[in-house]
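Working notes, structure below.
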């Protein structure tokens, strides 16, 4: 027993919570899976592309498609013969011979019912599927005989299959080294090709946005999302490595982090019936009939006056006055009803308290930094990875309404510390993508932007960004002669995208940190520098994407911060808790906000952030 | 030069983004820091407790507190002499002698101004501070001579200090092995003890909720938050280890995951002026003066009618009619103005489109599972860690409006797989807390619930929960004689907290998974079992906390799901995209939602979820 030989093939890791083998564990092996040949596997996934191989019936015509066996799925129209290497023909012939045998039940049925004119059974065929389970870029070639599953059911792009079969050396021409010869079909999830939006090949990314629930089935979006997930894990790893604690900042808040943000308000007082096309919409607008009545009352009042003025007919006057009175009564009744309605509507809506869930206007957070300070000023170094919201209606490739952000804050640290941390974090992420997502990166750059990988490599070749103060940046940009900027360069105004991208893309060709901005262009909480004009802020601008990280040393001096809040006319009461942190045990601290979604954009070379966010939300768009 | 001796003490790791040493790296060493004696360190933190050691002035009376040197901080009233080990007295004497010397500048000032009657300078003293930087439970003892910093400034609890000094063996009685003898004070963040809410010792947790921005400065909340952060990292590690991808599901959504949830609506149409006590509140309610005018118009119309009826005075009638007309004109003008206002208010508010940010009613997500399915049905195994929202007004120790949840979904998997994964995940988390958060756990159980650690140990001693079907659970509970339940046990109704906690706390005394519930008590998307009455759902109930994980195999059959949506009368159009996943390439899949905040509750033994969430949001409460 102890001399039992080691099996010739390595065991496959089954997925722990499924009976299938994850394709990545087969396809990402250095040997392309060759070492696994002979193993029986259950694999599942979705058909990315397919072909059908049919044996021609030399003399007799046969139905062109479908095999007639329980085929309720769509007819398969576009299948074509696979291209076969001449040298492989004998192997394929033997396969077809085998298929002919396995198709015998249908043949014997023909024999059992000789009296009925039955159309000849369709030719046996092999469905050759390229299957992806989303775990990696590569697809596994899967061969299913038509006797096991009707080709018309399994061939359409997007079909889901779960099959049991043997891993064999690939019998067909192509990149595939191995394939699965299916012995048992465990599940088929069919596709209605007419309606399936991904039936067409290579939809452009902007068209895919209209089916955000399907687009991760495309190879490009799948790769992007795997890279995104890798960046996600690496984010947590970086902060854990550096002794940070993770803190979940609140999403619903009364505190406006920047003082003037465009925010989403949160309430339970809206109800289901307030949008066009939804039941009950516009029910309480009303008032038209009251208006009509009142107009009539005015008209009648005019008639009374006219009758009076002309002193024409006392009978007519009396009638007119009676009429006016009736109209006024009606108006009064209607008005009372309207008022009641309107009051109820106000009650359901706003102003009357304590009806709403929260007693004060509550918004979705635009940044977690202020709340993080509370934890930095007690636990030291903290970060928070979560969604942040801005109700920005301007269409933009870099901003949507809901974006995931890494906010971090460090006690006992200054501007330079936050800048160093930003550099390290950025480099750490770039390195991790190159190391852990190489197959996905290779695919994405082929489709998108060839320069992406080089940009990543260039980042990790240095230890920090180019650093330049706002004032220096302004001087440098003023001297630029090879480009004219649309926005005038003037000290005290924000540098715009064109300026920043010139610095990162044209001038330094690498990430640039611009620091010490005029206080006017940064939020109230950024620490005032000794010059009284600038604040301890920084923006890290990266090529192609623009500002990726915005950070600052925040004002720790109570008096300075308090004066700044008053100076800007911000509603002070919402910041009382924030000022408290300076009243008691204040400390120097700095931090930054890192736009995670833009990092995915930078990494992948895609150009629109809506293509790298699973379900993007922007003005007018929240489809699911 | 090459023969330079190796320093006797180990080098300390400076924090990379600060010039301070993290206290954990000193205090969590096995030798308690003894091996570091002699090292010069910069350390920062907040004073947890303090004492002042004063040398008595034998004959002459001296001012009791303050040193008069730039002391604008609060007076220090409660300081007492430290208890000194008799054996340590000689050492303390030498310290005091040294302090006398270092206080000489003040003494020499006395000599320079002999003509003025100057009160004797305060006695030199040592401020003995227990300082925490939030990195660990233990505090570092810090000794600051009064010549370096006024005791009144550094002694109050909550004071922030950044100091430079030498690590020495502790000179005082107590648990401390080492201490820092300060040579330079770099920063003091004072506290106004009168106003600082944490000046009082040991505030109960429910009182601390009113100062959520300060409470991480208490040892208990700090420990809880470090454990929470540990669970956070471990969550990501578990899913990464098992090949899951992280997917950020949308927060703002039109899809109601459960069909009937109490939700928060999101809008940009509210404005700042809609809550009591906020500027501009109730401005547009108005209408009162128009009402008055209209009442007057009716009154005047009545007068006209009366005059007409009595035929008394034509002059009077004419005047009355003129008056009526004027009043009606005024009413018309006011009304026009009101209408304009009202239209604007409607415009700012609702109904008229496309004014709001999103065209359809949009809510904060109650669960990420439906959106995750889209990614599971393309990428395989996915999870999402994020905030979920329920506008539940009922006060509860287990639920608040905003809770962080781990949703996960696996393609090609069934109910049993999701249950196995839930077991493994739960055990993995319990293990990690015992391994990585032992000091914090020791502290927390001392303060809170001594049984917590044993509960964790009992979990990791088994490989899975007790599993029992809903029907079996009902039978078992019906046989219970030692407890009478308030809610009647009836097949088809949900088991309540008392039933579930009886199962987990009394009967099995370990986590229990109840599965296969009647379809009536679970959401529409849970897969219908073959019996037609139950669905493939499960709840993992853990002792003390209740339901921690809810999961299910979701309905993959289009017809069954579609019928279920109709049967429940759910607004179908919002689920079209979700049905799409069954129309094209459907697959069996299962997953669960894990209440992260309740896991922190289970781990720490605390009883109210508001004490383990950084900034909890509940009905009427969103203070910052």
Can you tell me which residue within the stretch B:482-500, out of those that are in a helix (DSSP H, G or I) and out of contact with any helix residue (DSSP H, G or I) (no Cβ under 9 Å at 6 or more places or on another chain), is nearest to residue B:549 (Cα to Cα)?
B:497
Only one of these conditions is not met by residue B:167: (1) more than 11 Å from chain A (Cβ to nearest Cβ); (2) modelled with pLDDT under 95; (3) in contact with a helix residue (DSSP H, G or I) (Cβ under 9 Å, 6 or more places away or on another chain). Which number is it?
(2)
Of all residues in the stretch B:10-30, which are closer than 16 Å to residue B:42 by Cβ, at pLDDT below 90 and more than 9 Å from chain A (Cβ to nearest Cβ)?
B:11, B:12, B:13, B:14
For the stretch A:177-199, state whether one or more residues are within 26 Å of the chain's Cα centre (by Cα), part of a helix (DSSP H, G or I) and modelled with pLDDT under 90.
yes
Just to be sure, is residue B:367 assigned to a loop (DSSP other than H, G, I, E, B) and crowded, with 23+ Cβ neighbours inside 10 Å?
yes
I need a count of the residues in the stretch B:370-400 that are more than 8 Å from chain A (Cβ to nearest Cβ) and more than 15 Å from residue B:413 (Cα to Cα).
13
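Table: residues versus (1) more than 10 Å from chain A (Cβ to nearest Cβ); (2) out of contact with any strand residue (DSSP E or B) (no Cβ under 6 Å at 6 or more places or on another chain).
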{"position": "B:186", "(1), (2)": "no, no"}
{"position": "B:190", "(1), (2)": "no, yes"}
{"position": "B:197", "(1), (2)": "no, yes"}
{"position": "B:202", "(1), (2)": "yes, yes"}
{"position": "B:205", "(1), (2)": "yes, yes"}
{"position": "B:221", "(1), (2)": "no, yes"}
{"position": "B:225", "(1), (2)": "no, yes"}
{"position": "B:239", "(1), (2)": "no, no"}
{"position": "B:245", "(1), (2)": "no, no"}
Against the definition (within 33 Å of the chain's Cα centre (by Cα), within 20 Å of residue A:367 (Cβ to Cβ) and either without any contact (Cβ under 8 Å) to a residue 60 or more places away in the chain or surrounded by fewer than 17 Cβ atoms within 10 Å (Cβ to Cβ) (or both)), how does residue A:539 come out, yes or no?
yes
Scan the stretch B:99-151 residue by residue and report those that are at pLDDT 50 or above and part of a helix (DSSP H, G or I).
B:99, B:151
Answer yes or no: is there a residue in the stretch A:501-513 that is in a strand (DSSP E or B), surrounded by 15 or more Cβ atoms within 10 Å (Cβ to Cβ) and away from every other protein chain (no Cβ under 14 Å).
yes
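The values are calculated or read from the model by the stated rules, or taken from the named source; none is laboratory data. Note that this is a predicted model, so its numbers are computed, not measured. Every residue, glycine as well, gets a Cβ built from its backbone with ideal geometry; the counts of neighbours run over all protein chains shown.
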